[in-house]
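Data first, discussion second: the structure below is written as structure tokens.
The values are calculated or read from the model by the stated rules, or taken from the named source; none is laboratory data. Computed from a predicted structure; not experimentally measured. We place every Cβ from the backbone using ideal geometry, glycine too, and count neighbours over all the protein chains shown. Calculation scope for accessible area: heavy atoms of the full protein, side chains included, ligands and nucleic acids excluded. Shrake-Rupley method; radii C 1.70, N 1.55, O 1.52, S 1.80 Å.
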Amino acid sequence: MEVLPHFSHVHPLVFNDGRSHESEEVYCCACGELVSGPRFSCVDCGFHLDKNCAEAPVEMNHPFHRQHNLKLMKSSPYVEGNTICNFCNNRCEKFVYHCSCNLDFHIKCAFLSYKFIVKDSRELVLQDKSISSECHSQELNRVLCFACQKSLLGSDYISPDSGFYLHKKCSDLPLEISHLSHRHHSLLLQFNSDHLPCKICFEIQHRGLVYCCSICKFVLRIECVSPPPIIEDPSTHEHPFTRCLRELSFNCDVCGTLGNYVSYNCSTCSLMVHKKCISLPRFIKSLWHDHPISHKYFVVDNECTTHDCPVCHEEVNMACGSYNCSKCKFIIHVNCALEDARCYYKISKDDFDKLLNAMLEVGTMNPSFFVRNMIKVGEKMINVEIEHFSHQHNLVLSDEVKEQRYCDGCSQLILTSFYCCLECDFFSTNLVLSYLGRSKFWVVFTKIPLSLLQIAFLYAHIVVS
């Protein structure tokens with residue numbers, strides 16, 4: 001009779017080959033799965049371990065985390081909160097391999113990742129299945145590849161019964177690479193346990209795998225290992241940008257901040273930029289300024305009255321990229337202007353010109369509406385029909401509140417006179433629109449690309465001048 005002392009139980013565990021048909025249905029106390037084969041058990045306590053789980057090493061040197069050994073623990077190492085497996089993203093409720101770097105694995109996920117490492121794909125390939133034939137594309141879009149953390153939609157993938165998914169191309173990733181942007185050491189396929197940003201796209205990938213040099217704290221996301229050699233985006237720049245993979249410091253000509261390792265260059269304009277900055281909008285309407293503002297690669301002295309950014313109050317380097325209003329001589333850092341997506345919206349060149357010209361024509365910073373019809377009541381002129389920038393039809397004044405309606409501008413219940421559209425279901429309080437005619441106002445817009453006269457309010461805060 002084979003007996004196994006195990007750290008997780010006070011009594012020795014007795015081996016059972018699982019061949020008896022009279023055996024009751026039991027579950028492994030380490031992985032939680034039904035035991036259908038050999039196991040080690042303490043019958044008196046009802047404690048059972050699948051043979052593989054029972055023989056798992058107490059410490060593991062995991063190839064995806066070479067800094068420290070993983071220690072096998074009977075329960076969660078955390079006093080509060082759930083333990084989430086870094087391999088399958090599911091909760092760990094039984095045994096867990098743990099590292100002080102806050103890396104955790106189900107006991108079976110730790111071994112399954114070894115199969116990935118050594119390219120032992122027999123278990124994986126035999127269980128290939130097509131999600132597209134079983135699930136709606138929306139569900140497929142929601143499922144992420146374990147390695148690169150990107151959607152499986154439109155890609156070949158592997159889906160074993162272990163509860164995780166893997167692109168077929170990611171299953172073939174080399175475990176070690178040499179890269180032109182980091183010529184000192186090789187990069188190893190690892191978990192991003194230090195949560196470092198990618199040196200090319202600057203995004204932090206908390207889960208999945210990255211290529212990493214732990215000595216230099218250098219990280220590349222899988223998709224950034226081979227960035228496109230040429231990027232063309234006529235909406236932001238008239239010439240193509242060409243990739244340069246060198247460990248070379250530069251100031252990005254779009255955002256004005258430091259870059260290293262990988263730049264994209266326009267030889268025609270002598271520009272060096274971050275990859276992520278190529279697609280930044282040229283024209284925006286921001287909460288930080290009354291007029292629409294445009295991006296410029298540099299600004300000369302007579303184009304701004306102050307060099308200080310209104311957001312961070314730090315000096316803007318006018319020799320590098322910034323957003324600027326030439327009419328008001330206003331300047332703001334690119335990253336400050338775009339930091340909060342709720343505080344700006346992108347506009348086209350045509351809408352930029354229309355909006356700016358309209359503001360200048362009426363002599364106000366904010367031409368929110370134009371009066372189309374007025375009547376005189378005593379000594380007061382009443383705007384009975386207007387054209388408002390937020391709606392495509394003219395709005396008519398009404399004071400007849402027949403049912404419960406909410407203002408499309410401030411979202412408040414309409415209790416007083418209001419403007420409405422006779423052609424569609426659009427309402428706005430008279431108070432909101434009358435204030436807009438003589439006040440500064442901030443509006444946070446939806447991120448949906450809309451034409452100038454179709455922009456809808458998300459909410460509005462009104463500050464009376």
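Brief remarks on what is shown
- In this structure the range 173-224 gives 43 Å² per residue of accessible area when probed at 1.4 Å with all protein chains present.
- 3J(HN,Hα) couplings calculated from phi for the range 235-250 with the Karplus curve 6.51 cos²θ - 1.76 cosθ + 1.60 (θ = phi - 60°) are, in sequence order, 6, 10, 7, 7, 10, x, 9, 10, 6, 10, 9, 8, 6, 9, 6, 7 Hz; Gly and Pro show x.
- Phi-derived couplings, Karplus 6.51 cos²θ - 1.76 cosθ + 1.60 at θ = phi - 60°, listed residue by residue for the range 188-194: 10, 6, 9, 6, 8, 5, 8 Hz, with x used for Gly and Pro.
- Here the gap between Glu403 and Lys168, fully extended at 0.36 nm per residue and compared with their Cα-Cα distance, gives a gain of 78.8 nm.
- Cross-link table Lys285/Lys329; Lys376/Lys402; Lys51/Lys168; Lys285/Lys349; Lys169/Lys275; Lys168/Lys217, entries beyond 22 Å C-alpha to C-alpha: Lys376/Lys402; Lys51/Lys168; Lys169/Lys275; Lys168/Lys217
- Computed with every protein chain present, the accessible area of Glu93 is close to 130 Å² [probe 1.4 Å].
- Label positions at Met374 and Lys327, each projected 7 Å from the Cα along the C-beta direction, are separated by 2.2 nm.
- You can think of it this way: the chain between Lys217 and Thr306 has 28.2 nm of extra reach, that is 0.36 nm per residue less the Cα-Cα gap.
- Heavy-atom SASA rank of Met60, Met374, Met318 (probe 1.4 Å, accessible area, largest first): Met374, Met318, Met60
- Label separation (Asp340 vs Leu180): 4.1 nm, computed from points 7 Å beyond Cα along the C-beta direction.
- Distance-filtered residues of the range 70-96 - backbone nitrogen under 14 Å, label point 7 angstrom along Arg207 Cα→Cβ: 82-92
- The residues of the range 59-116 have, on average, 48 Å² of accessible surface per residue, using a 1.4 Å probe with all protein chains present.
- Here's how it looks for Gly256: its modeled amide H is under 5 Å from those of Gly321, which are all 5 or more places away or on a different chain.
- For the range 286-361, the fraction of 1.4 Å probe accessible surface lying on carbon and sulfur atoms is 50 percent.
- Rounded accessible area of Lys169 (nearest 10 Å², 1.4 Å probe): 140
- Cβ-Cβ FRET estimate between Gln67 and Ser226, R0 fixed at 30 Å, reported to 0.05: 0.70
- Amide H contacts for His179 (H built 1.01 Å from N in the peptide plane; partners 5 or more residues away or on another chain; cut-off under 5 Å): Leu187.
- Accessible-area value, Lys376, 1.4 Å probe, nucleic acids and ligands omitted, Å²: 140
- The label point for Leu413 and the one for Asn82, both projected 7 Å from the Cα toward the Cβ, are 3.9 nm apart.
- For the pair Glu93 and Arg243, the difference between a 0.36 nm per residue extended length and the Cα-Cα distance amounts to 49.3 nm.
- Calculated from backbone phi, Karplus (6.51, -1.76, 1.60) coupling profile of the range 261-271 in Hz, x at Gly/Pro: 6, 9, 10, 10, 10, 10, 5, 5, 9, 6, 10
- Dipole moment magnitude, nearest 20 debye, the range 59-116 about Cα centre, only Lys, Arg, Asp, Glu C-beta charged: 200
- Overall, the ratio between the Cα radius of gyration of the range 286-361 and 2.2 N^0.38 Å, rounded to two decimals, is 1.05.
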